[in-house]
There are 2 protein chains.
Amino acid sequence: MKKIVIIGGGAAGPKTAAKAKRMNPNNEIELYTDEKLISYSACGLPYFIEGTVKNINQLIVRTPEEFEKQGVKIFLEHKAQKIIPDKKCVIINNKEVYYDELVICTGSKPFIPNIKNVKMEGVYTLKHIEDGIKIKEEMHKSKHAIILGGGYIGIELLEAFVQNGLSVSLVEYGSRIMRVFDSEFSDMIKNHILERDGQWIEMHFLEEVQEFFADNSGRFKKLKTKSGLEIEADFCVIASGVVPNTQLAKDAKIATGITGGIIVDNTMKTNMEHIWAAGDCTEEKCMLTKRPIYIALGNIANKEGRVTGINVSTEPENYEKFEGVLGSAITKYFDFTIALTGINYENAIKISDKFNLQPICTTVVKKDKAGYMPNSEKITLKVVADKKTGKILGAQGIGVGDVNKRINTVTSLIQSGLTIDDIFHLDLPYSPPYSPAIDILITAAYRLKSQMNSEEN
Amino acid sequence: MKKIVIIGGGAAGPKTAAKAKRMNPNNEIELYTDEKLISYSACGLPYFIEGTVKNINQLIVRTPEEFEKQGVKIFLEHKAQKIIPDKKCVIINNKEVYYDELVICTGSKPFIPNIKNVKMEGVYTLKHIEDGIKIKEEMHKSKHAIILGGGYIGIELLEAFVQNGLSVSLVEYGSRIMRVFDSEFSDMIKNHILERDGQWIEMHFLEEVQEFFADNSGRFKKLKTKSGLEIEADFCVIASGVVPNTQLAKDAKIATGITGGIIVDNTMKTNMEHIWAAGDCTEEKCMLTKRPIYIALGNIANKEGRVTGINVSTEPENYEKFEGVLGSAITKYFDFTIALTGINYENAIKISDKFNLQPICTTVVKKDKAGYMPNSEKITLKVVADKKTGKILGAQGIGVGDVNKRINTVTSLIQSGLTIDDIFHLDLPYSPPYSPAIDILITAAYRLKSQMNSEEN
């Protein structure tokens with residue numbers, strides 16, 4: 001029997017708690033969060049705002065009551081102030097809480113760019129349930145919104161706002177949206193969005209926001225960028241990415257890495273004895289390059305929480321391991337899917353010397369089903385491989401067709417170290433409502449194979 | 001430069017021809033078929049009958065004219081009568097045609113059960129374009145149809161007929177439909193079909209049809225089974241599976257295997273010098289068990305045709321290989337997907353001694369997307385693995401939700417030899433419109449892992 005104290009109630013904390021209790025019902029488990037809620041799906045918030053998800057309670061995975069019933073003690077609105085590793089103690093709401101094992105699941109927080117007057121009424125970030133509720137209310141009484149940032153959350157909010165009849169100005173610091181993709185994919189995504197909804201959306205690139213301006217009541221009225229661009233709007237959402245929430249850990253000298261996340265080994269241990277970390281506050285390892293990478297996604301937090309919950313309850317010989325990520329991600333703009341896994345071509349070129357790679361790639365445009373099926377739709381798939389070994393390095397897919405299936409399949413190809421030749425031999429199930437006789441993945445393999453066999457470098 | 005003669009115009013023949021011509025434009029290529037058409041998608045015929053595919057010409061992949069333009073000579077309605085390997089010659093329409101390389105792509109033909117008066121007006125099989133046209137005409141003037149056989153074609157025709165307002169009697173020789181699945185999956189598929197459309201459909205199992213009866217005009221009127229069951233209907237389709245079409249090959253002493261298909265090595269060579277075979281007339285190898293298996297599917301025929309087209313045009317050191325199949329397949333009954341790959345649990349048990357397997361399995365029922373997304377749908381996924389090695393042996397999936405994606409992913413897991421542990425580490429892309437935070441595949445891996453760790457056998 002151990003006393004396990006968990007700080008944080010997003011995805012990883014509750015998962016850790018539930019698993020640790022199931023591993024050993026005698027474990028005494030306390031979960032502390034400074035929020036009013038635990039165990040909710042933050043990834044669902046854009047769909048709550050949009051109205052696809054009607055009731056905010058649907059995003060709650062498990063209530064505090066359910067946890068209490070299982071024997072996990074939940075402390076809402078309890079702020080962890082300081083960890084004292086030597087005393088195996090955390091100061092929470094000014095009281096000392098002792099632990100045998102401590103799990104830090106403090107999650108992530110929105111990255112806030114350096115903007116003058118950045119905090120004012122009418123300016124939001126999207127992270128917590130309350131943010132979602134407020135943005136939804138704001139949206140329903142507004143006509144024009146600004147979104148700062150063209151990443152995943154930016155695109156998902158764009159869908160939500162357009163669906164609800166708003167016009168939107170998207171302001172991006174970089175030269176393109178969805179910068180985890182290769183440039184031409186960013187362009188294709190942008191073109192699709194503007195072709196569909198160009199009358200409601202304007203996009204501004206390479207614009208660094210300098211200052212927010214308020215109206216007489218102190219409410220957001222407009223922004224101004226370094227280049228002099230001024231945009232008025234009813235409200236503004238900052239969607240410039242997230243950063244790991246690590247102040248508590250850093251203050252206790254728990255090591256953080258190059259990405260800012262807490263460093264953990266593959267058992268989810270930090271550098272401090274009896275202190276573990278899981279979820280959006282940690283740094284991950286890319287399974288392909290073995291380099292640090294920062295991924296703040298609910299599925300990863302869940303996996304890390306599961307491994308942590310097992311390991312805090314067991315002996316080293318029974319430890320489970322979390323081996324890392326590929327950086328897989330997916331989102332959509334209405335019916336247009338945007339997905340990727342592994343390394344894109346531009347990054348593959350950048351790291352090619354260091355990792356002794358000779359990146360090749362092919363982009364195939366093809367129907368997702370047999371072309372004669374009336375619901376078949378176009379998809380564009382780019383597959384990146386290493387010419388030297390034939391190994392698959394990554395894939396990017398976009399389109400109204402079933403992109404999702406192909407990217408899912410490529411994740412397992414990458415993780416298993418399969419080669420271009422192996423793709424050809426993949427016996428993917430075929431029938432006209434599901435795939436062309438020669439699947440787009442197989443076509444990509446044919447083309448990469450030709451490049452492998454060609455003399456040129 | 002070689003003269004390459006191809007017998008058969010379905011999927012493998014035209015693919016071989018096109019690839020062989022592209023490999024070396026000097027190759028002289030002649031394709032002979034006893035049909036009036038070449039290069040069509042037979043798998044699309046049920047959807048043409050249903051009306052989803054409006055025009056039969058949509059099923060034509062490439063016309064004879066397109067092939068002729070490419071320099072491939074097409075001979076329609078030319079029947080190959082005899083192969084004389086010693087003379088490197090085929091008798092076609094009573095004339096001698098000489099070859100350097102001969103490719104047999106004679107495809108498959110419907111299996112016809114031993115039924116008295118089996119040939120009469122109003123009784124059909126579904127294999128060729130003309131069959132599809134005739135059945136569609138028949139369907140439009142009928143109220144009640146009989147389908148003999150509850151396999152893929154049977155289920156697809158069932159959908160087509162119900163969609164067009166017919167009532168259907170499905171008569172199955174075995175004890176269940178979709179016998180490539182485990183029994184309980186057959187039952188779930190049957191239950192789904194009958195729950196949806198029970199007022200239009202009756203299913204009869206363990207019924208061996210003995211005799212067909214005609215009306216005064218000689219047209220099908222009713223059938224009678226061994227047990228005494230009599231069913232009247234406007235017409236009857238025999239959908240009792242297909243068998244390889246190998247008489248031409250057998251007459252020339254070309255070896256066929258235990259499944260009835262022509263035996264080829266992994267370069268698609270038969271046992272006779274300069275004679276190759278590809279497509280539905282050949283026997284495949286199961287990549288998992290290395291045992292012979294017979295698969296008649298357009299995607300496999302295409303792959304085999306591609307490999308054959310390359311190999312007949314090149315030297316042995318450049319041969320491509322076709323390594324085999326997993327027996328992956330997919331179909332649907334309206335929005336209900338039915339898919340599998342690899343070995344089912346019942347078969348795994350049967351072969352466990354011979355292959356030193358200790359099969360375990362788990363069945364997970366879960367939503368395909370985040371549960372709070374209003375379009376999330378249930379899927380049922382069964383994954384079979386070997387307890388000794390942790391390797392994945394197969395998976396079966398059914399449901400209105402996105403089954404297809406999961407089965408596609410499992411095919412690559414099987415082919416790469418990944419284990420249950422590896423599934424847990426699969427970084428499948430996640431967002432609420434595409435997957436729950438913990439994908440059904442990951443849940444299956446958790447459960448199989450528990451079984452691996454348990455003491456029991």
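The values are calculated or read from the model by the stated rules, or taken from the named source; none is laboratory data. The model shown is predicted, which means the values in this text are computed figures rather than measured ones. Cβ sites come from the backbone with ideal geometry, for glycine too, and all protein chains shown count toward neighbours.
Within the range B:288-318, the set of residues being within 19 Å of B:Thr256 (Cα to Cα) and either within 18 Å of the chain's Cα centre (by Cα) or part of a loop (DSSP other than H, G, I, E, B) (or both) comprises B:Lys290, B:Arg291, B:Pro292, B:Ile293, B:Tyr294, B:Ile295, B:Ala296, B:Leu297, B:Ile300, B:Ala301, B:Glu304, B:Gly305. Taking (1) more than 9 Å from chain B (Cβ to nearest Cβ); (2) crowded, with 24+ Cβ neighbours inside 10 Å; (3) in a loop (DSSP other than H, G, I, E, B) in turn, A:Leu357 satisfies each apart from (2). Inside the range A:319-337, residues that are part of a loop (DSSP other than H, G, I, E, B) and not polar (S, T, N, Q) make up a count of 10. Residues to consider are A:Lys354, A:Lys350, A:Lys367; find the one that is closer than 24 Å to B:Pro433 by Cα and out of contact with any Leu (no Cβ under 7 Å at 6 or more places or on another chain). The unique qualifying residue is A:Lys367. In the range B:223-276, the qualifying residues are those that are assigned by TED's automatic domain parsing to the domain that holds B:Ile295 and among the acidic types (Asp, Glu), and the one that is nearest to B:Glu207 (Cα to Cα) is B:Asp251.
Within the range A:257-287, the residues that satisfy the criterion of being assigned to a loop (DSSP other than H, G, I, E, B) and either over 16 Å from A:Asn245 (Cβ atoms) or modelled with pLDDT under 95 (or both) are A:Ile258, A:Asp265, A:Asn266, A:Thr267, A:Met268, A:Asn271, A:Met272, A:Glu273, A:His274, A:Met287. Within the range A:277-298, the set of residues being within 8 Å of another protein chain (Cβ to nearest Cβ) and either surrounded by fewer than 23 Cβ atoms within 10 Å (Cβ to Cβ) or more than 24 Å from A:Leu248 (Cα to Cα) (or both) comprises just one member, A:Met287. Can you confirm whether B:Leu248 is assigned to a strand (DSSP E or B) and in contact (Cβ under 8 Å) with a residue 40 or more places away in the chain? No, not satisfied. Residues that are surrounded by fewer than 20 Cβ atoms within 10 Å (Cβ to Cβ) and β-branched (Val, Ile, Thr) within the range B:106-124 comprise B:Ile112, B:Val118, listed in sequence order.
Residues in the range B:403-434 that are in contact with a strand residue (DSSP E or B) (Cβ under 8 Å, 6 or more places away or on another chain) and among the small types (Gly, Ala, Ser) were compared, and the one that is farthest from A:Leu297 (Cα to Cα) is B:Gly417. Taken over the range A:440-452, the criterion of being without any contact (Cβ under 8 Å) to a residue 24 or more places away in the chain and either facing chain B (nearest Cβ under 9 Å) or touching a Ser or Thr at 6+ places or on another chain (Cβ under 7 Å) (or both) is satisfied by A:Ile442, A:Tyr446. Can you tell me which residue is surrounded by the fewest Cβ atoms within 10 Å (Cβ to Cβ) among those in the range B:323-354 that are facing chain A (nearest Cβ under 7 Å) and farther than 25 Å from B:Lys449 by Cα? Applying the filter and picking the extreme gives B:Glu323.
Only one of the listed residues (A:Val162, A:Val180, A:Val237) is under 26 Å from the mean Cα position of the chain (by Cα), assigned to a strand (DSSP E or B) and β-branched (Val, Ile, Thr). That residue is A:Val237.
Annotation: of all residues in the range A:412-422 being facing another protein chain (nearest Cβ under 7 Å) and surrounded by fewer than 24 Cβ atoms within 10 Å (Cβ to Cβ), the one that is farthest from B:Ser431 (Cα to Cα) is A:Asp422.
Residue selection: B:Glu320 satisfies the criterion of being surrounded by fewer than 24 Cβ atoms within 10 Å (Cβ to Cβ) and more than 30 Å from B:Phe185 (Cα to Cα). Scanning the range A:338-351 for residues that are part of a strand (DSSP E or B) and hydroxyl-bearing (Ser, Thr, Tyr) turns up just one, A:Thr341.
Take B:Val103 and tell me if it is surrounded by fewer than 23 Cβ atoms within 10 Å (Cβ to Cβ), of a type outside the set (Ser, Thr, Tyr) and touching a residue at least 12 places away in the same chain (Cβ under 8 Å). When the stated conditions are applied, B:Val103 does not pass them.
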